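Single-structure report; data block below.
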Amino acid sequence: MAVTLKRHAGAVVAALLILLVGAAMLIGWQRYQRDYAVTVEDDGSAVTRVIAERLAGSSRLKVADLSGTIQSTAQDVRGFGLLKSDQLVKMPFSVDYYIDVGGIGASDLEWNEKTRTLIVNAPDVTAGRANVDESRRTLVRTNGLFVTRQAGEELSRRTSAHAQSRAEKEARAPERMAQARQFGRAALSKLIGAPLGAIGYNDARVIVTFPPERAGRNPEQWDVTTPINEVLANRRRSG
């Protein structure tokens, strides 16, 4: 009976590792094709062309996005303090949240055959760079007695930089990160639950943890489990 359980656990581990390693290899090949392979026409000539990156960066699992409208202001002073101007801009922004699936290894997976529970100690959710869409500004208000071209350009640059910084700060706020982790937990559970179901573990429970939660983790909180590398070692000895 013990040997059977170990073999089942080994099957779970093997399926998950094949999924993760296969994804990493696919991403590596796609990045090589994107960055180093030369795209040519039928006659062999190379031309200037935009290479689509439809799958680029897909080793990162997108789990959530934050969007909204941001208001940004800036001031500019020139002419020994005589020429003062300011600008107020409103425009939409968005920030995506990711989990680095490629960073999950065998030591991050713990399987308990008795409770049919898989614990995934995932890397933390990260917020990407804010995308501030200046082409869709809903308000641009510039004030000043005389706004030079240079002052206008500087005001535009500053409002853009301030909007970018403020949007990224908002995206990384503790409450936003907590919400993103909840979405990340559901997305990663669904991703890893697929191979479990394929090998007959449809009722298996997947528990995803993130670094802030593991800092004060109680070993009994999610049952006593066995690291996957130990399960594999036991399976090899029993075979």
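Residues of the stretch 123-138 that are of a type in the set (A, V, I, L, M, F, W, C) and closer than 30 Å to Asp108 by Cα: Val125, Ala127, Ala130.
For the criterion of being more than 20 Å from the chain's Cα centre (by Cα), surrounded by 11 or more Cβ atoms within 10 Å (Cβ to Cβ), at pLDDT 85 or above and not aliphatic (A, V, I, L, M), Lys62 fails. Would you check if Glu154 is part of a helix (DSSP H, G or I) and within 27 Å of Gly79 (Cβ to Cβ)? Taking the combined requirement at face value, the residue satisfies it.
Within the stretch 69-115, how many residues turn out to be under 30 Å from Arg149 (Cα atoms) and either polar (S, T, N, Q) or not in a loop (DSSP other than H, G, I, E, B) (or both)?
Let us first name the residues in the stretch 69-115 that are under 30 Å from Arg149 (Cα atoms), namely 69-94.
Those still in the list that are either polar (S, T, N, Q) or not in a loop (DSSP other than H, G, I, E, B) (or both) too: 69-78, 83-94.
Total meeting the criteria: 22.
Can you find a residue that is aromatic (Phe, Trp, Tyr), touching a helix residue (DSSP H, G or I) at 6+ places or on another chain (Cβ under 9 Å), closer than 13 Å to Ala180 by Cβ and touching a residue at least 60 places away in the same chain (Cβ under 8 Å) anywhere in the stretch 91-108? Working first, answer last.
Taking the stretch 91-108 first, the residues aromatic (Phe, Trp, Tyr) are 93, 97-98.
In the following step, the residues that additionally are touching a helix residue (DSSP H, G or I) at 6+ places or on another chain (Cβ under 9 Å) were identified as 93, 97-98.
So of that shortlist, the ones also closer than 13 Å to Ala180 by Cβ come out as 97-98.
Of the ones still in play, those that are also touching a residue at least 60 places away in the same chain (Cβ under 8 Å) are 97.
Yes, there is a match, as at least one residue in the stretch 91-108 is aromatic (Phe, Trp, Tyr), touching a helix residue (DSSP H, G or I) at 6+ places or on another chain (Cβ under 9 Å), closer than 13 Å to Ala180 by Cβ and touching a residue at least 60 places away in the same chain (Cβ under 8 Å).
Out of Ala187, Ala163, one residue alone is out of contact with any Cys (no Cβ under 7 Å at 6 or more places or on another chain), outside any strand (DSSP E or B) and either without any contact (Cβ under 8 Å) to a residue 12 or more places away in the chain or closer than 17 Å to Arg60 by Cβ (or both). It is Ala187.
Can you name the residue in the stretch 91-105 that is buried (at least 16 other Cβ atoms within 10 Å of the Cβ) and not β-branched (Val, Ile, Thr) and is also nearest to the chain's Cα centre (by Cα) among such residues? Lay out the reasoning, then the answer.
At the first step, the residues of the stretch 91-105 found to be buried (at least 16 other Cβ atoms within 10 Å of the Cβ) are 91-93, 95-99, 101-102, 104.
If we keep only those that are not β-branched (Val, Ile, Thr) as well, we get 91-93, 96-98, 102.
Working: Met91: 24, Pro92: 21, Phe93: 17, Asp96: 7, Tyr97: 4, Tyr98: 1, Gly102: 11 Å.
Among them, the one singled out is Tyr98.
Restrict the check to the stretch 194-214 and report whether at least one residue is assigned to a helix (DSSP H, G or I), in contact with a strand residue (DSSP E or B) (Cβ under 9 Å, 6 or more places away or on another chain) and at pLDDT below 60. Full working, then the answer.
Going through the stretch 194-214, the residues assigned to a helix (DSSP H, G or I) turn out to be 194-198, 211-214.
Keeping just the survivors that are in contact with a strand residue (DSSP E or B) (Cβ under 9 Å, 6 or more places away or on another chain) gives 196, 211, 214.
Checking the rest, the ones that are also at pLDDT below 60 come to none.
Looking through the stretch 194-214, none of the residues is assigned to a helix (DSSP H, G or I), in contact with a strand residue (DSSP E or B) (Cβ under 9 Å, 6 or more places away or on another chain) and at pLDDT below 60.
Taking only the stretch 130-150 into account, find how many residues are more than 16 Å from Thr69 (Cα to Cα) and part of a loop (DSSP other than H, G, I, E, B). Matching residues across the stretch 130-150 total 4.
If you check Asp133 against the conditions, is it under 17 Å from Leu61 (Cβ atoms) and of a type outside the set (Val, Ile, Thr)? Before the answer, list the steps.
On the way: under 17 Å from Leu61 (Cβ atoms): no; of a type outside the set (Val, Ile, Thr): yes.
No.
The values are calculated or read from the model by the stated rules, or taken from the named source; none is laboratory data. Just so we're clear, the structure is a prediction, and the values are computed from it rather than from any experiment. A quick note on method: Cβ atoms are made from the backbone with ideal geometry, for glycine too, and the neighbour counts reach across all protein chains shown.
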